[in-house]
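Only one structure is covered here, and it is reproduced in the block below.
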Amino acid sequence: MTERTLCDRKNKGRQHPQKAHLHKCLLNPQQEQVLVQWICMQDDRGIPPRLDLVRDKVLAIIQQSQPRTSLGKHWLDRFIKRHSELQIRFSQRLECQRSAASNPRVLEHHFKLFHKTLKEYKIKEVNIWNMDEKGFLLEVSAKCRVICRKGRKNPKYTQDGNRELITILEFVSAERVVLPPLVVTKRTHHYIGMHIKDQGGPGWVYGHSPKG
């Protein structure tokens, strides 16, 4: 800040640019502070809000008094600059079981039992199969931009367990034989025409369960 700027503020009553344009802000200082508190609370709960969710919340607030007002393209960027305790980052999903499975002691113990079982029961490679499953939550992004507290490096995003789940199971043998995948959807019954023939690939199998 230059000496000229300081003199102007003292003698002519000029304000800092941010303070001088407060009357032009869509939200008043009290509303912005409540919004900041809500973002921090969501972040502490493990569900930092996505950018589109924050924009929708701001629009819901301002349209109560200004129905035709829209939110500018760079409003969120300016909002973050006004509040140094916030930042925009990419989220990562928290998977505790996957983290525990990478423990060297757990892996070593697993393969000792595995090789002992192969030797004891004389199991051939043709009878050794690996089955894996992957669940997909509908309308959930694996990685997205969120607003969180300043300084948080890898914000974890806790997924909502109430969303509909689709599970895909895949099977590969020790002799490199691959079976068609099994797609399990959330249903109690299957209906004619629910799955288009060969939509996912030749030989794909479809199943259903109450939880998907």
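Since every read-out is calculated from the coordinates, none of them should be taken as a lab result. None of the values given here were measured: they were computed from a predicted structure. Here the Cβ positions follow ideal geometry from the backbone for every residue, glycine too, while neighbour counts run over all protein chains shown.
Please arrange Ser173, Ser91, Ser70, Ser84 by how many other C-beta atoms lie within 10 Å of their C-beta, fewest to most. Write out the running numbers ahead of the final one.
Numbers: Ser173 14, Ser91 22, Ser70 11, Ser84 8.
Ranked by crowding around the Cβ, least crowded first: Ser84, Ser70, Ser173, Ser91.
Please list, in order, the residues from segment 51-65 whose amide nitrogen is less than 13 Å from a point placed 7 Å along the Cα→Cβ vector of Arg152.
Output list for this probe position: 51.
Taking the number of other C-beta atoms within 10 Å as the exposure measure, put Ile147, Ile62 in order starting with the fewest. Can you show the working numbers first?
Values: Ile147 25, Ile62 16.
Least crowded to most crowded, the residues run Ile62, Ile147.
Using the structure shown, select from Lys73/Lys134; Lys57/Lys150; Lys57/Lys153 the pairs with a Cα to Cα distance greater than 27 angstrom.
Lys73/Lys134
To make sure I understand, if each residue's beta carbon is the centre and we count other beta carbons within 10 Å, what order do Tyr121, Tyr206 fall in, fewest to most?
Lowest to highest Cβ neighbour count: Tyr121, Tyr206.
Given R₀ = 45 Å, what would the calculated FRET efficiency be for Leu179 paired with Glu3, taking r from the Cβ atoms and rounding to 0.05?
For R0 = 45 Å, the calculated efficiency reads 0.05.
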